[in-house]
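Have a look at the structure below before the remarks.
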Amino acid sequence: MILSLIYQGLIIVLLLTFSFGPAFFSLINTAIKYGYKPSSLLAIGVVASDFFLCILVCLLVYFGAVNLLHSEKAQTFSAIIGGVILIVFGAFYFKKHVTKSDKSIDIGYIAPHPMLMVLKGFLINLFNPAVWFLWLGNVTAISKTLEYSLVNMILFFSVVLAAVLFVELAKISLAEKIKIYLTDKLMTIINYITGTVLIIFGFVLIYNHFFGK
């Protein structure tokens with residue numbers, strides 16, 4: 001069982017840290033433009049959101065109420081709210097050109113206050129429906145291995161998310177180091193790409209769960 005848990009834990013870490021979703025692009029972009037500290041706060045917000053979702057899904061699975069996540073109203077609501085948030089965040093990336101010397105409140109950066117960076121990471125991840133279903137799959141698989149023990153599931157995922165945070169910090173540290181090789185023009189292009197990706201994610205979420213039905 002231990003080897004199975006280690007294997008499943010590694011898979012979850014890889015899925016969470018290298019899924020090319022909104023959080024991934026925001027983390028890399030923030031690391032390149034603002035450095036390690038702001039991006040690490042963003043990463044903490046993302047992982048805190050994952051922990052919140054993990055606990056929530058663990059409770060739903062444990063008490064047999066997981067069908068709440070599959071309800072059409074819940075999916076539509078989360079998709080519309082999440083889509084709007086992603087579009088708004090994405091729009092910030094088009095505010096102006098980026099320069100290496102620019103330290104002002106800028107594109108994709110809500111405010112210099114640390115807690116707002118944490119909140120940004122939390123919200124970007126929380127309102128991505130794909131993350132909800134990723135956790136539903138993770139918890140369902142692990143709950144069977146751990147025989148539906150709520151305490152053991154929470155302990156297991158706490159260790160996994162600690163590993164996720166470590167990988168995220170290593171990833172943004174690497175991204176920060178390459179910024180010295182980037183020109184202002186290239187940084188602006190990266191900024192526009194990130195904004196475009198977030199806006200596309202937002203519109204796709206809204207379309208698929210509202211207009212696409």
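The values are calculated or read from the model by the stated rules, or taken from the named source; none is laboratory data. Every value quoted in this text rests on a predicted model; they were computed, and no experiment measured them. Cβ coordinates were reconstructed from backbone atoms using ideal geometry, including for glycine residues, and neighbour counts include every protein chain displayed.
Key figures for this structure:
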quantity	calculated
Residue identified as at positive phi and modelled with pLDDT of 80 or more among Gly64, Gly35	Gly35
Among (1) hydroxyl-bearing (Ser, Thr, Tyr); (2) at pLDDT below 85; (3) surrounded by fewer than 16 Cβ atoms within 10 Å (Cβ to Cβ) - the single one Ser173 does not satisfy	(2)
Yes/no for Lys177 being under 30 Å from Gln8 (Cα atoms) and among the charged types (D, E, K, R)	no
Count of segment 135-148 residues which are part of a helix (DSSP H, G or I), under 16 Å from Gly64 (Cα atoms) and either touching a His at 6+ places or on another chain (Cβ under 9 Å) or touching a residue at least 12 places away in the same chain (Cβ under 8 Å) (or both)	8
Only one of Val151, Val197 that is touching a residue at least 12 places away in the same chain (Cβ under 8 Å) and among the β-branched types (Val, Ile, Thr)	Val197
